[in-house]
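Student: The structure follows.
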Amino acid sequence: MGFKDFLLLFMICFVWGLNIVVTRWVVFDAAVPPLFFAAVRFLCVSLLLLPFLRPIPKDIKTLFFISFFIGSGHFALLFVGLANAEASAAAIVGQLGVPFSTLMSMAFLGEKVGWRRGLGITLAFAGVFLIAVDPESFSVSIGLLYIAGAAFIGSVGGILMKRITPISALQMQAWIGLFSFAPLFAVSAFLEQGQVSTYASGGWMVWTATAFAVVGVSIFGHGAFYHLIKKYDISLLSPLTLMTPVWGVVLSIVLLKDSITAQLILGSIISLGGVLVIAVRPNKTLPEAGMGKKLGSGGS
């Protein structure tokens, strides 16, 4: 990989990692209801990418279901999780999309997994378990359970993407945004309160965070990453995308003052080590499995 392309991938992973921190700040510190914020994000994406809705994809029904699993369903769980869990831990747990995708490809696509990837899957889950469980009370973080659920749903969407005629990255983003914002607004109206007033009172920082999520993550991050995928083999890109959770942890500690514990460090090393093992072993039926949900949603 050339230096310029590596620098581009470095920036993409930085943007994705920073987005975890930004979203955590919006839904926790600024107290913007998470479902409403997810809805606003998808509405802005669909409006900004309106020209990319044409031509209408042939398999629009499958695209609708993909939009639920990679869009509204995934982001609903992800944002609710970030409202209830520290961003540093969420950055690691979110990587469960990689082993989940591998397990999905085994179950539905007939992928054969050897002992190395089997060990990687075990390590990935073991590390997350270590992070998520409070050793004193043996209770599990509810927020991190939501994050794990988001990773699982995103992986289901990845399987569905194998069944649709390929479309451009921005067209996929446009349709996911179009299909996702209305259900999220509807569920938000039913479950949340004070959405508009809280969002408006957040001022320029919340609005800037929204712009960053839409332009920086969904458009730049996803579009640039798709550009790299067309140039390089996924087996090369997959291990390098692990810069994303590393940035997520570092930026969470620096910007949000998340606590550094031996439990978080050890769990991160074990889990990311397992993800790395999976990423460097080629998946014949679902090459994207080594990158979890990134191909579908543009990171987080």
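No value in this document is a laboratory result; all are computed from the given coordinates. Computed from a predicted structure; not experimentally measured. Counting neighbours? That spans all protein chains shown, and the Cβs are built from the backbone with ideal geometry, glycine included.
Student: Provide the net charge surrounding Ser268, with neighbours chosen by a C-beta distance below 14 Å and charges set as Lys +1, Arg +1, Asp -1, Glu -1.
Tutor: On the way: positive: none; negative: Glu86, Asp258.
For residues surrounding Ser268, the net value is -2.
Student: Is the shape of the range 1-110 rounded, prolate or oblate, going by the alpha carbon gyration tensor and its root eigenvalues a ≥ b ≥ c, with a/c under 1.5 for rounded and a/b larger than b/c for prolate?
Tutor: Values: a/c = 1.25, a/b = 1.13, b/c = 1.11.
It comes out rounded by the Cα gyration axes.
Student: Another one. At 222 nm, what value in deg cm²/dmol follows for the chain if DSSP H runs of at least 4 each add -39500 (n - 2.57) and the sum is divided by all its residues, to the nearest 500?
Tutor: On the way: 16 runs with 204 residues, N = 300.
Calculated mean residue ellipticity at 222 nm is -21500 deg cm²/dmol.
Student: With a 10 Å Cβ neighbour count serving as the proxy for reagent exposure, in which order, fewest first, do Ile92, Ile121, Ile131, Ile60 appear? Walk me through the numbers before you get to the answer.
Tutor: Working: Ile92 28, Ile121 22, Ile131 25, Ile60 11.
Going from sparsest to densest Cβ surroundings: Ile60, Ile121, Ile131, Ile92.
Student: For the chain, modelled as a Gaussian network with Cα springs under 10 Å, which listed residue fluctuates most, Gly73, Gly158, Gly118?
Tutor: Gly118
Student: Compute the length gained on full extension between Leu145 and Gln193: take 0.36 nm times their separation in residues and subtract their Cα-Cα distance, giving the result in nm to one decimal. All intermediate terms of the calculation are to be shown ahead of the outcome.
Tutor: Working: separation 48, 0.36 × 48 = 17.28 nm, distance 2.32 nm.
Result for the pair: 15.0 nm of gain on full extension.
Student: Of the listed values (i) 26, 40, 15, 12, 6, 1; (ii) 32, 56, 12, 0; (iii) 36, 59, 4, grab the one calculated as P(r) over Cα pairs in 20 Å bins from 0, in percent from the structure here.
Tutor: (iii)
Student: I've got another one for you. I need Leu170, Leu266 ordered by Cβ neighbour count within 10 Å, fewest first. List each step's numbers first, then the result.
Tutor: Values: Leu170 18, Leu266 13.
Going from sparsest to densest Cβ surroundings: Leu266, Leu170.
Student: Taking the Cβ of Gly114 as the centre, find all other residues whose Cβ is under 13 Å away and add up their charges (Lys, Arg: +1; Asp, Glu: -1).
Tutor: Details: positive: Lys112, Arg116, Arg117, Arg281, Lys284; negative: Glu111.
For residues surrounding Gly114, the net value is +4.
Student: Quick one: longest stretch of the chain between exposed loop trypsin sites (Lys or Arg not before Pro), exposed meaning at most 14 other C-beta atoms within 10 Å and loop per DSSP?
Tutor: 164-256
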